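Asks: The structure is given below, and queries will be raised subsequently.
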Amino acid sequence: MNAPLARFLLVLRGLCVAAAAASERVLAEDPLVEEGASSGRRTGRLYCRVGIGFHLQIHPDGRVNGTHAPNHLSVLELFAVSQGVIGIRGVFSERFLAMNKRGRLHATEKFTEDCKFRERFQENSYNTYASVMHRNRRTGREWFVALNKRGKAKMGSSPRVKSQHVSTHFLPRFNLQDKAERGFTIADRNREQEIAAPPQPKPPSPSIVKVNTGRKRSETVKYWPKFRFG
Ligand SMILES: *[C@@H]1O[C@H](CO)[C@@H](O)[C@H](O)[C@H]1NC(C)=O
């Protein structure tokens, strides 16, 4: 390896270490960010690509279905329960998504075993959510959270609800003003290049974290790169 290249790599490594240290300090200074990072708590929406596309929503009366246009009932908090297992809470309804022993989706005020779902990545970057508690007793087939093409909740126990089908495919969308965001933004080519550029070492500044970046919500959608909550 020639000397200039070695020097360049050394500088690059220094920048990365500095950036990492800076972000760690920022996390430590903001309890909300720290909590989000350590507990795997994320607030966003679950978008199912079935039909015209629906966001999973949880009603205050415990009903669960989909809404094409995102609204306050589709704001969900996903939190880790154990490795690969999460809970899903409607932020406004204050109810937890649950699947009962017949495979029916509903939402409860108390968090129970019915509210635990195993989150898995599909190759297409969508996730599936299978009940941890309930499955077909005879065949062992798992029961998945699913919406039909008109946005109604499907019975997980239905033989047509399979992990290969779009009705069970959900894309976590975190375009809310979440301070703990570490997803990437797809806006346009130029921005993508900006994101691809190496991190600039900046001194940690708590004010930067607290202040909203002011980016227009409607123009950008944040996607989590293959992110596991559990
Ligand atoms: C979802 O449920 C609500 C309340 O029951 C209802 O008003 C709405 O039309 C339903 N949406 C769909 C897509 O079924």
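Every number in this text was worked out from the coordinates using simple rules, so none of it is lab data. Since the structure is predicted, the reported quantities are computational estimates derived from the model, not experimental observations. Neighbour counts run over all protein chains shown; Cβ positions are idealised from the backbone, glycine included.
Asks: Can you pull the one-decimal nm distance between simple spin-label points at residue 141 and residue 52, each 7 Å off the Cα toward Cβ?
Replies: 3.1
Asks: Which residues' amide hydrogens lie under 5 Å from the amide hydrogen of residue 68, considering only partners 5 or more residues apart or on another chain, with H built in the peptide plane?
Replies: Result for residue 68 returns 55.
Asks: In addition: Quick one: order 72, 106 by neighbouring beta-carbon count within 10 Å, fewest to most.
Replies: Final ranking by Cβ density, sparse to dense: 72, 106.
Asks: Which order results if 157, 82 are arranged by neighbouring Cβ count within 10 Å, fewest first?
Replies: Ascending Cβ contact count within 10 Å gives the list 82, 157.
Asks: First measure r as the distance between the Cβ atoms of residue 152 and residue 71, then evaluate 1/(1 + (r/R0)^6) with R0 = 25 Å and state the FRET efficiency to the nearest 0.05.
Replies: 0.90
Asks: Then there's this: Could you line up 123, 77 from fewest to most neighbouring Cβ atoms inside 10 Å?
Replies: 123, 77
Asks: Let me ask another. For labels at residue 160 and residue 59 in the simple 7 Å Cα→Cβ model, what's the distance in nm?
Replies: Those two pseudo-labels are separated by 2.2 nm.
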